[in-house]
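Notes follow once the structure below has been shown.
The values are calculated or read from the model by the stated rules, or taken from the named source; none is laboratory data. Bear in mind that the values here come from a model prediction, so they are computed numbers and not experimental data. Don't worry about glycine lacking a Cβ; one is built from the backbone with ideal geometry, like all the others, and counts go over all protein chains shown. Surface accessibility is based on the protein's heavy atoms, side chains included, excluding ligands, DNA and RNA. Shrake-Rupley method; radii C 1.70, N 1.55, O 1.52, S 1.80 Å.
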Amino acid sequence: MPASVVEILSADEIRRTLTRLASQTIEKAGDLSDVLLVGIHTRGVPLAHMLAEHIELLENTRVAVGALDITFYRDDLDRLPTRTPERTDIPCDLTDKRVVLVDDVIYSGRTVRAALNAVHEFGRPAAIWLLVLVDRGHRQIPVHPDFTGKTLPTAKDERVKVYLSAVDDRDAVELIRAEA
């Protein structure tokens, strides 16, 4: 069954979206000294670094960035193909920090649930905010992003694919529809 692919965000649109998300994060945080961006592997990590660059351009302040692998916190490990965990790198104790979890796409909410459990292994943050590039709906767990780049209602049989030059060869977001 061939699929149709529709580009949802181009590289320029991703850049503009990250500028807006950086501005919203700055506005909500105010003082950035206790803010830590934590990217969820795989594409949340380069997104967090890109967001940190946008914040630095806007505020002339470098925000710390961490990386979080949630593999062993998932509730569906038995349903997934075998995967090699990525490296978790949290640069400081998270106690009393304001943590911004960064991910590319939110769907069921299960990844976020796993990330919340994992974050608490590194301290007790003052606040945890969720930032996603794309919210495609279909939540199974009651979580909602604090910052959303693009809300994209999808059918359950559609997929959203995010490409980032740090991982892939380009920056883009595509909607993939299965054709009958």
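Once the C-beta distance of Q24 and E53 is scaled by a Förster radius of 22 Å, the resulting FRET efficiency is 0.90 to the nearest 0.05. Each residue of region 102-114 is assigned a 3J(HN,Hα), and the resulting list reads 10, 9, 7, 9, 10, 10, 6, x, 5, 5, 5, 4, 5 Hz, derived from the Karplus form 6.51 cos²θ - 1.76 cosθ + 1.60 (θ = phi - 60°), x at Gly and Pro. Between H54, I141, G66, whose Cα lies farthest towards the positive end of the dipole of the chain when Lys and Arg beta carbons carry +1 and Asp and Glu beta carbons carry -1, centred on the Cα centre? Projecting each Cα onto the dipole axis, the largest value belongs to I141. Under 5 Å from the amide H of S165 lie the amide H atoms of R170, D171, each residue being 5 or more positions distant or on a separate chain, with H modelled from the backbone and absent for Pro and chain starts.
With a 1.4 Å probe and all protein chains left in place, how much accessible area per residue does region 57-180 have, in Å²? Provide the component values of the computation, followed by the final result.
Details: 6820 Å² over 124 residues.
Using a 1.4 Å probe on heavy atoms only, each residue of region 57-180 averages 55 Å².
Given a 1.4 angstrom probe, I'd like the percentage of the accessible area of the chain that is carbon and sulfur, rounded to a whole number. Roughly 47 percent of what the probe reaches on the chain is carbon or sulfur. At 7 Å along the Cα-to-beta-carbon direction for both C92 and A3, put a label point, then send me their distance in nm to one decimal. With each label point 7 Å from Cα toward Cβ, the separation is 4.0 nm.
The shape of the chain comes out oblate: with a ≥ b ≥ c from the C-alpha gyration tensor, a/c is at least 1.5 while a/b does not beat b/c.
By per-residue mean of other Cβ atoms within 10 Å, what is the highest-first order of 41-52, 163-174? Before the final figure, lay out the partial values.
Numbers: 41-52: 22.8, 163-174: 15.7.
For the peptides 41-52, 163-174, the packing ranking is 41-52, 163-174.
Contact order, relative form, for the chain: 27 percent (alpha carbon pairs under 8 Å, 6 or more residues apart, mean separation divided by residue count).
Grab the Cα-Cα distance for N60 and R177, subtract it from 0.36 nm times how many residues apart they are, and report the gain in nm with one decimal.
Details: separation 117, 0.36 × 117 = 42.12 nm, distance 4.13 nm.
Stretched out fully, the N60 to R177 stretch lengthens by 38.0 nm.
Within straight-line reach of K150, meaning a Cα separation under 21 Å, sit the following lysines at least 8 residues removed in sequence or on another chain: K28, K161. Expressed as an acute angle from 0 to 90° and rounded to the nearest 10, what is the orientation of the C-alpha long axis of helix 11-29 relative to the principal long axis of the chain? Relative to the chain, helix 11-29 is tipped by roughly 40 degrees. Estimated at the nearest 10 Å², the accessible area of T111 is 40 Å² with a 1.4 Å probe. Between E121 and R16, the modelled labels are 4.0 nm apart [label points 7 Å from Cα along Cα→Cβ].
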